[in-house]
Amino acid sequence: MEGFTGEKIVKEIARNPPFAGVELVISGRDPVKLQKLADEIAPFKVTICRISLDDQNGLKDTIALAKVCINCVGPFRLYGAPVVKACVEGRTNYVDICGETEVIEQMYADYNLTAIENNIALIPACGYDSLPADVGCLHNKLELQKGGCIPSTVEMFVNMYHGPSGVTVNATTFISAVLGFDSVKNLRALRKKTHRKVNTIGRTLHVYRHPRWDPRVSSYTVPAAVADVPVVKLGQQMIENHYDYYKNGHKFGKYTPPSVPAVQFAGYFGLQSIVSVAYVSYLGLLFGAMAYLPFLKNWYIKYPEFFTLGVFKKSGPSAQQLSESSFGQTFIGRGYKNLDDFSKPQNYEVVTSIRGPEMGYVATPICVTASAYLLISEDREKIPNGVLTPAVAFSNVFDRLVKQLNERGVKFSVNSCRDL
C-alpha cells in the first residue's frame with residue numbers, strides 16, 4: 001500500500017465517513033513508508049503488516065482475518081496472483097484495480113467455481129479500469145428499459161481532459177500494457193477454452209477500426225484498446241452463466257440475476273485534436289512494432305518515459321496535474337420500443353454520461369473504495385459469489401453504488417431519451 005496509487009486509496013478510506021470505525025490493515029514492502037502513511041491519516045485506526053508475496057501461508061493467514069482485501073499491486077500479472085490465491089484460501093472478499101485483460105479473464109477461469117463454493121466475491125477491475133465503463137453500460141441499459149425499450153447496442157466514448165500543467169501517467173500503467181500486449185497469444189488461447197457466445201438482438205453494431213470524426217460526441221474517435229471493452233463483454237457472459245446456476249438450484253443470498261439483456265458493445269476514445277489522434281496512433285505503432293521485434297519489450301519497460309515522449313513517468317503526475325485533470329464518458333444506447341422485428345433498425349435512443357475527476361489516481365480510489373464498502377456493509381448478501389465484473393457484482397445494489405460515487409464526485413446522469 002506504499003505505492004503511488006495504494007497511498008491514495010488509503011487516504012480515500014480515511015477521509016470518508018462510511019469507513020469510520022473500520023479497522024484498516026495496510027501491507028507493503030517498505031515499513032518506513034507504511035508508518036509515514038499511517039501517521040498522515042491519524043487518528044484513523046491503522047495496523048501495519050509487512051508480508052512477503054513469497055510467504056503464501058503468512059499471506060493467507062493474515063488476509064483470512066479481513067472482511068475484504070483491496071489489492072493495489074502492479075503490474076498484476078507479475079505480483080497479483082499470490083494475493084488472489086490467499087483470498088480464495090482464506091475465504092476473504094476481494095476487489096482490485098487491475099486493468100490487465102488476461103489477468104482478469106484468467107482469474108475468472110481459475111477461481112470462479114471455487115469462490116462460489118467458498119461464499120466469497122472476487123471483483124477485479126474496480127478502479128477507473130473498468131468500473132465506470134461496466135457500470136456505465138449497465139446504467140444506460142437500465143435507462144433504455146425505463147423507456148419501455150429492449151436494449152440492443154451501447155457505444156462508449158471516453159474523453160480525458162487536462163489543464164495547463166499537461167498530462168503525466170505513472171510508468172507502471174505503460175509497463176502493464178506492454179506486458180499485456182506481449183501475452184496476447186495466451187489470452188486468445190484462454191478464450192478458446194472459456195468464451196461463451198452471448199445472445200444479443202438487433203442489427204449488427206458497426207465498430208469503426210480507424211480514426212474518424214463523430215459529430216454525436218464532437219470528437220475524433222479511435223477504438224479504445226484498453227480493458228473496458230473486454231470487461232463489459234465478460235460481464236455479460238457472467239450474467240448468462242448466473243442464470244444457469246439458478247436453473248441448477250444455486251442461490252446467492254438475496255441476489256437475483258438482473259433482468260437486463262446483453263447488448264452489442266463498442267468503446268472509443270474521444271480526442272479533441274489531430275495532435276491527440278497522432279499521439280494515440282504513435283502508441284499503436286509502438287505496440288505494433290513489438291509484435292515483429294520482441295526485444296523492444298525490454299526497452300519499453302526500461303525506458304518508458306523516452307518511448308512515450310515524456311508522458312509516462314516513474315514519478316507519476318504532480319498534484320497540480322491531478323487537480324487540473326478530469327474525465328468524461330458518454331454512452332449512446334439504442335434498442336427496440338414497441339417493435340418485435342429485430343431485423344429493422346433500432347428505434348429508441350438513450351444517452352447517458354459519467355463525469356469525474358482525474359481518472360487514474362483520484363477516480364480510481366473513489367471507485368475501488370466504494371466497491372469495497374459494499375462488501376463490508378449490510379448489502380453484502382445482495383452481491384453474488386464468484387469472480388465478477390463490477391456491473392455483475394453490484395447490479396442488485398446499483399442505486400447504493402451510484403449514490404456513493406455521486407457523493408464523491410463521480411457523477412452519473414441521463415442526457416437525453418428520444419425516438420429514432
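Quick notes on this one:
- Between S165 and S281, the modelled labels are 3.1 nm apart [label points 7 Å from Cα along Cα→Cβ].
- Amide H partners (placed H, <5 Å) of K67, local residues excluded: none
- Measuring nothing but how far apart in sequence close Cα pairs (under 8 Å, 6+ apart) lie, relative to its length, segment 283-372 scores a relative contact order of 22 percent.
- Sequence-distant contacts, meaning Cα pairs under 8 Å at least 6 residues apart, place the relative contact order of the chain at 24 percent.
- By definition, a body whose alpha carbon gyration tensor gives a ≥ b ≥ c is rounded when a/c is under 1.5, and segment 115-231 falls into this rounded group.
- Spread over its residues, the convex hull of the C-alpha atoms of segment 1-85 is 90 Å³ per residue.
- Of the residues G288, A20, A319, the one whose Cα sits farthest towards the positive end of the charge dipole of the chain is G288 (charges of +1 on Lys and Arg Cβ, -1 on Asp and Glu Cβ, taken about the Cα centre).
- Hypothetical label at S343: residues of segment 164-201 whose amide nitrogen lies under 16 Å (7 Å Cα-Cβ projection): 201
- Listed values for segment 55-72 are Karplus-derived 3J(HN,Hα) couplings in whole Hz (6.51 cos²θ - 1.76 cosθ + 1.60, θ = phi - 60°), namely 9, 5, 5, x, 4, 5, 5, 6, 5, 4, 7, 9, 7, 8, 10, 9, 9, 10, and x replaces Gly and Pro.
- Extent along the principal axes, Cα only, for segment 304-343: 55, 25, 12 Å, with the longest axis given first.
- Sparse-neighbourhood loop sites, trypsin sites (Lys or Arg not before Pro) in segment 135-208 - DSSP loop, at most 14 other Cβ within 10 angstrom: R196, K197, R203
- Cβ-Cβ distance of K85 and A20, R₀ of 45 Å, FRET efficiency by 1/(1 + (r/R0)^6): the value works out to about 0.90.
- Of the trypsin sites (Lys or Arg not before Pro) in segment 265-327, the ones in a loop by DSSP (not H, G, I, E or B) with at most 15 other beta carbons within 10 Å are K314.
- Between A64 and R188, residue separation times 0.36 nm minus the direct Cα-Cα distance comes to 41.3 nm.
- Close amide H pairs (under 5 Å, H built 1.01 Å from N) link A121 with N93, Y94, G386, residues at least 5 positions away or on another chain.
- Residue-wise HN-Hα coupling along segment 151-164, computed from phi with Karplus coefficients 6.51, -1.76, 1.60 (Hz; x: Gly, Pro): x, 10, 9, 9, 10, 10, 10, 9, 10, 10, 10, 9, x, x
- Taking all Cα pairs closer than 8 Å and separated by 6 or more residues, the relative contact order of segment 99-249 comes to 36 percent.
- Difference of contour (0.36 nm per residue) and Cα-Cα distance, I48 to Y303: 88.5 nm
- Of L179, L59, L78, the one that fluctuates the most in a GNM where the chain has Cα springs shorter than 10 Å: L78
- Kirkwood hydrodynamic radius of the chain, from inverse mean 1/r over distinct Cα pairs, in Å: 22.1
- Applied to segment 395-406, the Karplus parametrisation 6.51 cos²θ - 1.76 cosθ + 1.60 on θ = phi - 60° returns per-residue 3J(HN,Hα) values of 4, 7, 10, 4, 5, 5, 5, 5, 4, 4, 5, 4 Hz, with x for Gly and Pro.
- Net dipole in debye of the chain [+1 Lys, Arg Cβ; -1 Asp, Glu Cβ; about Cα centre; nearest 20]: 620
Just so you know, all these numbers are worked out from the coordinates, no wet-lab data involved. This is a predicted model, so every value here is computed, not measured. Because the Cβ atoms are built from the backbone with ideal geometry, glycine has one as well, and the counts that use them run over all protein chains shown.
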